[in-house]
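Every read-out reported here was derived from the displayed coordinates using simple, explicitly stated rules and does not represent laboratory data. Here the structure is a predicted model, which means the values were calculated and not measured. As a convention, Cβ positions derive from the backbone with ideal geometry for all residues, glycine included, and neighbour counts pool all protein chains shown.
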Amino acid sequence: MNIKEIAERAEYLRKTLEYNSKLYYEKDSPEISDYEYDALFRELVNLEEQYPEIDLPTSPTKRVGGRALDKFEKFTHNVRMGSLTDVFSTDELDDFIDKTNKILGEETEYSVEPKIDGLSVSLIYENGVFVRGATRGDGIVGEDVTENLKTVRSIPLKLKEKLSYVNVRGEVYMPRRVFDEINAEREAAGLQLFANPRNAAAGSLRQLDPKIAASRRLEIFVFNLQEGSLYSDGRECVTHSESLDRLDELGFTTLPHRCVLVGKRAVTERVCELGEARPELAFDMDGAVIKVNNLRDRVTVGEGTATPKWAVAFKYPPEEKITTIESISIQVGRTGVLTPIANLSPVRLAGSTVSRATLHNGNFIKEKDIRVGDKVVVRKAGEIIPEIVESIKSERTCELPEFEMPTVCPSCSHPVSKDTVGDGTAVRCTNPACPAQNSRSIVHYASKGAMNIEGLGPQVVELLISSGKISGIADLYSLKVEDVEPLERMGKKSAENLISAIEESKSRGLERLLYALGIRQVGEVAAEEIAAKMQTLDNVMAASFEDFASMQDIGDITAGAIVEFFADEGVRELCEKLRLAGVSFNAVKEKKSNIFEGLTFVLTGTLPTMTRDEASSLIKERGGKVSGSVSKKTSYVLAGEEAGSKLTKANELGITVIDENQFLEMIK
């Protein structure tokens, strides 16, 4: 074939693949088999590689992801990507409509739309071709994630009309079905599960390797035509709903379930209908958006200092579901605490399937009178952790026995005792050789906040223990590739990656090691303070109760727990094994300055150019502290994109809120 025939064949393949991809992903009615599709796809890849002159940026082959990036470049938005004022009750929604109608009249039209729980992005097209995509960031500056966005199949790489400039805003999300499938795959591989579809989508879009983003099967709903678009073809939209219809014509996937309504009652009823429909939707939504539909009327209503006055976001309360407690099991933690777990009839809740919820302790069960067989109300605390709200006693059809905490450990049959630390509600196994404690201690040691050994999740730990490869933490450093490779679901590459991650963990430093050892009462913050003060593990082991109690954030109970921990002969033996294995006993974090001395920061949302861990390190290196919750003691809240309840609380308390640019200026 000559080059013209090759180009014609390539174009035929592109059209065929696009047509069948649309049938498969959007209409769920494929006309060819996966094998046939893959064969056509491979043929196109081969042609484009062999003849670069026929390769096009809009080819379906770009959907699988190109080369990995070193970093994301900053991108300044042409149109500010702002946020909306939140309302939390129908009274507040009615107040918004009353104020707007007073300005515009009672016949004002409102667009009511689902608020998709995902990651907001802008997409830019020139001459009908997708050229740039970026995250919202702080609304002014985001991250250029063009290559990752090309892997989102519902984003058209080429519009149906060749318009000179189009800029749209949309919400990238992970469908619930995909979220469940990916979490099942991660669980089987021993990897940490995603908390919810929103976090999964945000993390996927910020992967430096586009192939990883492609594997996450993200989708998008476009919800706004940004200012300055489409005017080149002479068609100016009068209303927001017209602009969305126009975007449909161009090939975008716009917001579903949207409608235009007049009147307070109609709008409120529609918002409630959307809320009731949430469990049946294929995607997560955390609210409804209500906007003045006429674009000129928006100018009349005007803008506030931070948000427009012509729109609000109605936020739904935490979703609650009724399910049944099928049984109560006991989980033995790494410190020996016995925690009762409610095993539930699976129920879809706040974006994931929930089948277990913590019951905290025996006192909690007695106070709420929770029994096996009860119908219970379950919700997610902060949309993440499943919790039992109450048991529905009126639903009991017979007398159910009360639950009693066990008197012996379910893992080792060793007698248990009431904990003397804290409020005395905990029941603890005091056997230091308890298998359950050992397994969970290893998992904790390898966790992200501790030694961060990627790939060493609970299932892999269980495989290593059951196969006799390890019996404790120190044995990890004796593992070889040939020890790991034969294990179920491993293989050579996975084994090599695990051994490499274990080797890297040796240099994490004293602060990580102290937390990883699982000392009771010692979290990440306390571990960092101890490491900064003591500098070496040998100094920590030699320190007295008074040495620890004199530290700012170490109380008497924690000081006693540390001294007791290192007095144990088994602990000292473990530390010596770690020393011989080459694990660093020295503090690695040195203060670069004291500019944040005495200041406490809280981080929330996704920052434009750095992770929260990176920002936390910058704060701690300069003498500051990082807290997980906002209080009156908080000095600053560092807020990024899609900041949540922490930002709301900061505003309520009058805490200073800063963005990444202001934070970097403070460091300078």
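Conditions tested, residue by residue: (1) more than 22 Å from Gly82 (Cβ to Cβ); (2) of a type in the set (Phe, Trp, Tyr); (3) in contact with a Leu (Cβ under 7 Å, 6 or more places away or on another chain); (4) in contact (Cβ under 8 Å) with a residue 60 or more places away in the chain.
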{"site": "Thr268", "(1), (2), (3), (4)": "yes, no, yes, yes"}
{"site": "Cys272", "(1), (2), (3), (4)": "yes, no, no, yes"}
{"site": "Glu280", "(1), (2), (3), (4)": "yes, no, no, no"}
{"site": "Leu295", "(1), (2), (3), (4)": "no, no, no, no"}
{"site": "Thr300", "(1), (2), (3), (4)": "no, no, yes, yes"}
{"site": "Thr307", "(1), (2), (3), (4)": "no, no, yes, yes"}
{"site": "Glu320", "(1), (2), (3), (4)": "yes, no, no, yes"}
{"site": "Thr323", "(1), (2), (3), (4)": "yes, no, yes, no"}
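When every residue of the range 325-336 is checked against the conditions, none turns out to be assigned to a loop (DSSP other than H, G, I, E, B), touching a residue at least 60 places away in the same chain (Cβ under 8 Å) and under 17 Å from Pro386 (Cα atoms).
Candidates in the range 579-619 are the residues that are of a type in the set (Ser, Thr, Tyr) and in contact (Cβ under 8 Å) with a residue 60 or more places away in the chain; of these, the one that is surrounded by the most Cβ atoms within 10 Å (Cβ to Cβ) is Thr606.
Would you be able to say whether some residue in the range 578-590 is within 17 Å of Ile619 (Cα to Cα), among the hydrophobic types (A, V, I, L, M, F, W, C) and in contact with a Ser or Thr (Cβ under 8 Å, 6 or more places away or on another chain)? Checking the range 578-590: at least one residue is within 17 Å of Ile619 (Cα to Cα), among the hydrophobic types (A, V, I, L, M, F, W, C) and in contact with a Ser or Thr (Cβ under 8 Å, 6 or more places away or on another chain). Looking across the range 135-167, the residues that are closer than 15 Å to Glu219 by Cα and not charged (D, E, K, R) come down to Thr135, Val145, Thr146, Asn148, Leu149, Thr151, Val152, Ser154, Ile155, Pro156, Leu157.
Figure legend. Inter-residue proximity from the range 471-490: first residues within 18 Å of Met451 (Cβ to Cβ), second residues polar (S, T, N, Q), beta-carbon distance below 7 Å, spacing 6+ or different chains. Indicated pairs: Gly472/Asn438; Ile473/Ser441.
Listed by position, the helices (runs of 4 or more DSSP H) enclosed by the range 495-563 that each have at least 1 residues that are free of Cβ contacts under 8 Å to residues at least 24 places away in the same chain, closer than 15 Å to Ser584 by Cβ and among the small types (Gly, Ala, Ser) are 524-534. Of the strands (runs of 3 or more DSSP E) lying entirely inside the range 361-420, those containing at least 2 residues that are over 34 Å from the mean Cα position of the chain (by Cα) and more than 18 Å from Pro318 (Cβ to Cβ) are 416-418. The listed residues are Lys315, Lys366, and the only one of them that is of a type outside the set (Ser, Thr, Tyr) and either touching a strand residue (DSSP E or B) at 6+ places or on another chain (Cβ under 6 Å) or within 30 Å of Thr108 (Cα to Cα) (or both) turns out to be Lys315. Consider Gly623 carefully, then state whether it is out of contact with any His (no Cβ under 7 Å at 6 or more places or on another chain) and free of Cβ contacts under 8 Å to residues at least 60 places away in the same chain. The answer is yes for Gly623.
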